[in-house]
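Enquirer: After the structure tokens below, expect a handful of questions from me.
The values are calculated or read from the model by the stated rules, or taken from the named source; none is laboratory data. Worth saying up front: this structure is predicted, and the values here are computed from it rather than measured. Cβ sites come from the backbone with ideal geometry, for glycine too, and all protein chains shown count toward neighbours. In case anyone asks, the SASA skips ligands and DNA or RNA and just uses the protein heavy atoms, side chains included. Shrake-Rupley method; radii C 1.70, N 1.55, O 1.52, S 1.80 Å.
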Amino acid sequence: MATTDVQGRAAGGAGGGGQPFVWSMVLPMVRAGLFGFIGYFAAAWITAMVTHTVIVNPLPATLGYVFGLLGWLAGSGIWSGWIRRAFGGEEAPSLTGVERYFQFSSDPKATAVRYVIFNVAAFLFAGLAAMAIRIELLTPNSTSWWLSEVHYNMTFGIHGVVMLLAVAASVIVGGMGYYLLPIMLGARTVIYPRLLGLSWWLLPPAAVAVFLSPLIGGFQTGWWGYPPLAQNSGSGIVFYTLGAATLLASSVLGALNIIGTIVYMRAKGMSLGRVPMFVWGLFAAATILIVEAPATFTGTLMDLSDMILGSHFYTGPTGIPLAYDDQFWWLFHPEVYVFALPAFALWLEILPAAAQRPLFARNWAIAGLLGVSMVGAMLGVHHYFTAVSAERMPIFMTITETVSIPTGFVFLAALGTLWGGRLKLSSPVLLSLMAMMNFLIGGLTGIFNADVPADFQLHNTYWVVAHFHYTILGAVIFSWLAGLYWWFPKVTGRMVNEFWAKFHAWWFFVFFNMTFFPMFILGIEGMNRRVAVYLPYLHPLNEFVSISAFFLGAGFLIPAANLYFSWRSGKKASQNPWGSKSLEWHSPSPTPYIVFPEGSEVTVVGPNDNYADGAPEPFVWAPTTAGK
């Protein structure tokens, strides 16, 4: 069974899971924040003194961010937990108790739990920004008592960056994927556990920088950072650029772990045809990141160089602004599939267990996930049809519309699995079905964005906003909640309250559709997106959308309370409450620090989603010889 030196060293003394929490355990995180604060202001102040400027100017802010990030990492325990060993020192002992959640740790489960907490916090603050936007849009004119046009643009940009790169990019991949990936594969850890640990510690400084960008002037570009507006947008644009680049770097570190772990650390007998569907979804998403992210990451740094070093990649007489569009959308439309592919795979993991039927057309479903990954990597140009040459339009229109074919494989596999099954309509299943419905609407409306003549009419309108939110909020966040409820017993040993989980599922579904479906009508009626002021004839529908959005946002207090109180005092769960055949349910719940202890080894003899009558168990356990 695959392992690494990290958990190998810890295996002998891994009994710390029951250690009670004490407040002193939080000190490393407090220290990291303090070191980051000192690093930022020291570097920004020294740079401002040397350059005879102020600390909020782009160059001091940039160097301040870099040294603040280094200070944060130094305070996290990364020196004693990793780097000191590279200089001949002795590495700190592996953390096995509660303290591993509050400082640098190589345990992927601890990293994943931190991801969940970070995602919830980022979702809360980005959601509050969305509420501020909808308050502004309650009236056709700018409301001086709330947000000016300038502050509206800042709020809109912050909401977009954080929701996409700090929430959607990691809610399923990070919080669930990193926790379950090694367990589903029969491995004791991931291939690069310290890099995975580092990936989380990059997130908070990046998100905080984006949220605090208004303190140094904000930015007016939305979440795109388009030049030349970026160079004339306020010093806060450097926090946008550096924050986005850091969030992308975090995603790439996770993608390296996903691909490496799948390729090299599968259990004995786990051929590619027996890899769980959820793992295939992670693999397809990680492939996009590895191939596409470097171009966009480089583009953000080149954009920053134009701002602080006076280069002219995108600006000035030799700059090419459209080149930034190419680099930006090279990833940021495929990034949608980084969000969505794990959600698709999550449906295909939950539904066979709930229906107690074999996954229909399993190989076609795998081909669908990989097909979306490959085709989806080539279609970003449809985001700016209005700015490209006529020769490029039919090529990218065709590619964009082609992605619906492998997506259809996934949907047909899900529907075929449900056909004739006796579905147990638990809250995870209900949310998965709702997510499928939402994505279907998002996908069908996306065809109009892919079609050049239609896109020329709908481009930059609220039609695009509605389509986008149906694919991200409607599919990914619904699926996130489904996954949280499904694997909550695995992590905590307790069940969520099914009444409140289902109550919120319906609340979420109703008010989500009441909020975003009318936006299709607003777009057809001619309302531009990214504006704080609109024509009066659009006021009644905008008022309806805003009020619906307030109910939608308030509803998220329900799952927050449900998860918290279920964790504290929920009904104790059995080891396998859903009757799933997946490998993670073969270990105790809650998951111990060492999931698969030495002395036994699993051999995979079949796929984990064959629920046909009389189908054999997919896993066989056998004792191992000491020392092997």
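Enquirer: What part of the accessible area of the chain, given as a whole %, is carbon or sulfur when the probe is 1.4 angstrom?
Expert: 71 percent
Enquirer: I'd like the FRET efficiency for ASP326 and LYS572, computed as 1/(1 + (r/R0)^6) with the beta carbon distance as r and R0 of 56 Å, rounded to 0.05.
Expert: Working from the Cβ atoms, E equals 0.55.
Enquirer: Given the -39500 (n - 2.57) contribution per DSSP H run of 4+ residues, what per-residue ellipticity at 222 nm results for the chain, rounded to the nearest 500 deg cm²/dmol?
Expert: -19500 deg cm²/dmol
Enquirer: Taking amide H positions as placed 1.01 Å from N in the peptide plane, with prolines and chain starts having none, which residues 5 or more places from ARG494, or on another chain, fall under 5 Å of its amide H?
Expert: ALA573
Enquirer: OK, next. Determine, from the Cβ-Cβ distance of SER600 and LEU425 and an R0 of 41 Å, the FRET efficiency 1/(1 + (r/R0)^6), rounded to the nearest 0.05.
Expert: 0.70
Enquirer: Among SER106, GLY234, GLN327, which residue has its Cα furthest toward the positive end of the charge dipole of the range 106-623, with +1 on Lys/Arg Cβ and -1 on Asp/Glu Cβ?
Expert: SER106
Enquirer: Keeping all protein chains in place, calculate the accessible area per residue for the chain (probe 1.4 angstrom), answer in Å².
Expert: Roughly 39 Å² per residue, with all protein chains present.
Enquirer: Quickly rank 407-415, 155-163 as a protection proxy: mean count of other C-beta atoms within 10 Å, highest first. Write down the numbers at each step before the final one.
Expert: Numbers: 407-415: 20.1, 155-163: 23.8.
Most protected by this proxy first, the peptides run 155-163, 407-415.
Enquirer: Among 599-606, 548-555, 432-439, what's the highest-first ranking by average C-beta atoms within 10 angstrom per residue?
Expert: 432-439, 548-555, 599-606
Enquirer: Let me know the charge dipole size of the range 106-623 about its Cα centre in debye, to the nearest 20, where only the beta-carbon of Lys, Arg (+1) and Asp, Glu (-1) is charged.
Expert: Details: 22 positive and 23 negative charges, 332 e Å.
Roughly 1600 debye, rounded to the nearest 20.
Enquirer: If I take every Cα pair under 8 Å that is 6 or more residues apart in the range 22-105, average their sequence separation and divide by the length, what percent do I get for the relative contact order?
Expert: 36 percent
Enquirer: Sticking with this one: Answer rounded, prolate or oblate for the chain, using the Cα gyration tensor with square roots of eigenvalues a ≥ b ≥ c: rounded when a/c is under 1.5, else prolate when a/b is larger than b/c, else oblate.
Expert: The shape class here is oblate.
Enquirer: Among 529-539, 230-240, 245-255, how do they line up from the highest to the lowest mean number of other beta-carbon atoms within 10 Å?
Expert: Highest mean packing first, the order is 230-240, 245-255, 529-539.
Enquirer: Can you tell me the FRET efficiency between ALA390 and ASN232 if r is taken as the Cβ-Cβ distance and R0 is 25 Å, rounded to the nearest 0.05? Could you put the intermediate results ahead of the total?
Expert: On the way: r = 30 Å, r/R0 = 1.21.
The computed FRET efficiency comes out at 0.25.
Enquirer: Now for a separate question. Along the Cα-to-Cβ line of PHE21, 7 Å from the Cα, sits a label point; which residues in the range 115-130 have backbone N less than 16 Å from it?
Expert: Under 16 Å, as judged by backbone N against the label point of PHE21, lie 115-121 of the range 115-130.
Enquirer: Under the 0.36 nm per residue contour assumption, what length would be gained going from the current alpha-carbon distance of VAL98 and VAL263 to full extension?
Expert: Numbers: separation 165, 0.36 × 165 = 59.40 nm, distance 3.08 nm.
Contour length minus the Cα-Cα distance gives 56.3 nm.
Enquirer: Hey, rough spin-label estimate for GLU617 and LEU440, points 7 angstrom out along Cα→Cβ, what's it come to in nanometres?
Expert: Simple spin-label model gives 3.7 nm for this pair.
Enquirer: Give me the number: length gained by fully extending LEU415 to LEU215, i.e. 0.36 nm times residue separation minus the C-alpha to C-alpha distance, one decimal in nm. Don't jump to the answer; show the numbers that get you there.
Expert: On the way: separation 200, 0.36 × 200 = 72.00 nm, distance 4.99 nm.
In short, 67.0 nm is gained.
Enquirer: Hey, what did the chain get for relative contact order, percent, Cα under 8 Å, at least 6 apart?
Expert: Reported as a whole number, the value is 15 percent.
Enquirer: OK, next. What's the center-to-center distance, using Cα atoms, between the range 426-495 and the range 522-549 in Å?
Expert: The two parts, judged by their Cα centres, are 22 Å apart.
Enquirer: Expected output is a single nm value to one decimal: the length gained when fully extending between ILE46 and ALA561, i.e. 0.36 nm times separation in residues minus the C-alpha distance. What is it? Could the numbers behind the result be given before it?
Expert: Values: separation 515, 0.36 × 515 = 185.40 nm, distance 4.56 nm.
Working it through step by step, the gained length comes to 180.8 nm.
Enquirer: Between the range 180-246 and the range 337-409, what's the alpha-carbon centroid distance in Å?
Expert: Using only Cα atoms, the two centres lie 25 Å from each other.
Enquirer: Just how many pairs of Lys in the chain have C-alpha atoms closer than 21 Å, counting pairs that are eight or more places apart or on different chains?
Expert: 17
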